[in-house]
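J.: Next up is a structure, given as structure tokens.
Please treat every number below as a calculation from the coordinates, not as lab data. Quick caveat, the model's predicted, so the values are computed rather than measured. So basically every Cβ, Gly included, is an ideal-geometry build from the backbone, and we count neighbours across all protein chains shown.
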Amino acid sequence: MPSIPLPIQSYEHRSNPASTSRLENCFIEPLPGGAKTGAALTRAPGIVSWTTVGDGPIRGMLRTYGKGYPHSSASGSNLWVVSGDKLYTVGPTGTAANRMTIGTPTQIDMAANTTDIVVVNEPDAYYHDITTTSTNGQITDTDFTALGAKLVEFLDNFLLFVAPDSDTLFGADLGSATSFDALNFATAESSPDHITGMKADHGQLLLFGEESSEVWQNTGVAGFPFQKAINGVIEQGCAAINSPAKQDQTIFWLAEDGTVRRLEGLTPMRVSTHGIEQILGGLDLNSAIGGAYSMEGHLFYALHVDARTFLYDVTTQMWHERITIDKAGWDIRFFANVYDKIIVGDYNSNRLGYLDFDTYDEFGSIQVMSWTYQPVYAEGITVFHDKLEIIMNTGHGLNTGQGSAPVIMLEYSDDGGETWTHAPDKSLGAIGRFDVRVIWSGLGSSRERVYRCSISDPIKVVVTDTILSARGGRL
């Protein structure tokens, strides 16, 4: 009885749909040496409802480190949230306070120095003193308003801005959020393209362009001290202004050629697979929003493009997908590690929650975990599928309600995923029934078959193996 390899990542091939494998709301986790199998499928963390902020939707989140105001935790951290047209602070207990109006959201970016948080709402920008309750407003310095802004970053006590639809970088005065000098500006030099992204990392500034990127640094010269570093040109551009995110001590982004890259030194290393790239090729790359979070040793770069959401696990170098019930992708775009939680913001509502591996729903709604295997193929010979067994944990049902009688759903396709047949649901065992086995018998025959399993009950799920008893060909 051969084992069917567990799908280890989402992969979609345009020319051969039957080769597709998918992981939705689950990911692969390596097991230690000596385990029965080398890896297990693990359910992705659910979302615990935490609070609501304003009228929504959530359009930005930033953690700052100013002490004393307005909701400082023991470490001095504060959470700032853009919800609808307002900026809020959210304290450790989830209490939200409206701090100022920033206008109808367009292109939102946020950064902070030691005294102020700045919210860019292209082309305008707003500031709020993070040490007081009353000092805030729109940035009206004429040297700022003459250019406007679409991005903001903080580096070496400078707040740095990118002007809309341009190759222009400029900065506020040292330590200031509201004072600007007309001489504090520069232009990207290597290619005649617009700046399409900006991130500060390891004491340098990465300016992404449409076709190439540049590394800038503080040279210490008088006036505007930032200049392009020697040999600081990267022959790779950025497809989406919001796609860059920091993870694993570097920067990840969606490149102009439809690949996903991570920066290693000055080399843009490709981390996307052909399967992920073929999916991205049919989507609106300009819509991409990137984010990052880490949990239990897994370092995730999250990329939402169009209506779909892809997560790259830096630890395993594998991709999986996140899906909100009844949608093609995940409603989550923003992450903040604050108050001993990974806080997430709902892009379609005013809700904040936090990720939790022991929660198996999202904001109280169903989370569907689904995995699709690579096809079972026997060199074109008809194979009779006598028995299929999923090796997984059972007996973890709940005491009451949904999940008290949990089931696993099985579908299979014999035409490359064009149509699917539903097999009978199988029990995963009421609470304490650890002896339950998950087995289907008499599944008919096929020359090439794809199996797909899903679980919607809010229970812990760990899948370690799949065994098929079949006749008629060499698998």
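J.: In this model, which of LYS86/LYS199; LYS387/LYS460; LYS246/LYS426; LYS86/LYS460 are farther than 31 Å apart at the alpha-carbon?
T.: Over 31 Å apart, Cα to Cα: LYS246/LYS426; LYS86/LYS460.
J.: For every helix of n ≥ 4 consecutive DSSP H residues, a contribution of -39,500 (n - 2.57) applies; sum these over the chain, divide by its total residues, and give [θ] at 222 nm rounded to the nearest 500 deg cm²/dmol.
T.: -500 deg cm²/dmol
J.: I need the calculated FRET efficiency for the pair ASP284 and ASP326, taking r as the beta carbon distance and R₀ as 25 Å, to the nearest 0.05.
T.: 0.75
J.: Here's something else I'd like to know. Where in the stretch 443-467 is the amide nitrogen less than 12 Å from a point lying 7 Å along the Cα-to-Cβ axis of VAL436?
T.: Within reach of a label on VAL436: 457-460.
J.: Scan (1) 23.5; (2) 22.9; (3) 24.2 for the value of Kirkwood radius over Cα pairs in Å calculated from this model and give just the label.
T.: Computed from the coordinates, Kirkwood radius over Cα pairs in Å corresponds to (3).
J.: While we're here: Convert 37 °C to kelvin, take the viscosity as 0.692 mPa s, use the Kirkwood radius over C-alpha pairs of the stretch 327-409 as Rh, and evaluate the Stokes-Einstein diffusion coefficient in µm²/s, rounded to a whole number.
T.: The Stokes-Einstein estimate is 194 µm²/s.
J.: Cα to Cα, under 20 Å, and not fewer than 8 places away if on the same chain: which aspartates and glutamates meet these conditions relative to LYS36?
T.: Partners found: GLU389, ASP435, ASP465.
J.: Which residue, GLN402, ASN218, GLN9, has the largest displacement toward the positive end of the dipole of the chain when charges sit on each Cβ (Lys, Arg +1; Asp, Glu -1)?
T.: Highest projection toward the positive end goes to GLN402.
J.: Hey, could you pull the Cα Rg and Dmax for the stretch 252-373, both in Å?
T.: In Å, with Rg to one decimal and Dmax whole: 14.6, 44.
J.: Between ALA97 and PHE357, what's the calculated FRET efficiency when r is the beta-carbon distance and R0 is 22 Å? Round to 0.05. List each step's numbers first, then the result.
T.: Working: r = 30 Å, r/R0 = 1.38.
Rounded to the nearest 0.05, the efficiency is 0.10.
J.: Would you mind calculating the relative contact order of the chain from Cα pairs under 8 angstrom and at least 6 residues apart, reporting the percent as a whole number?
T.: Across the chain, relative contact order equals 17 percent.
J.: Please arrange PHE27, PHE434 by counting, for each residue, the other beta carbons lying within 10 Å of its beta carbon, fewest first.
T.: Ordered from fewest to most neighbouring Cβ atoms within 10 Å, PHE27, PHE434 come out as PHE434, PHE27.
J.: Putting +1 on Lys and Arg Cβ atoms and -1 on Asp and Glu Cβ atoms, find which of LEU183, TYR373, THR20 reaches farthest to the positive end of the dipole of the chain.
T.: TYR373
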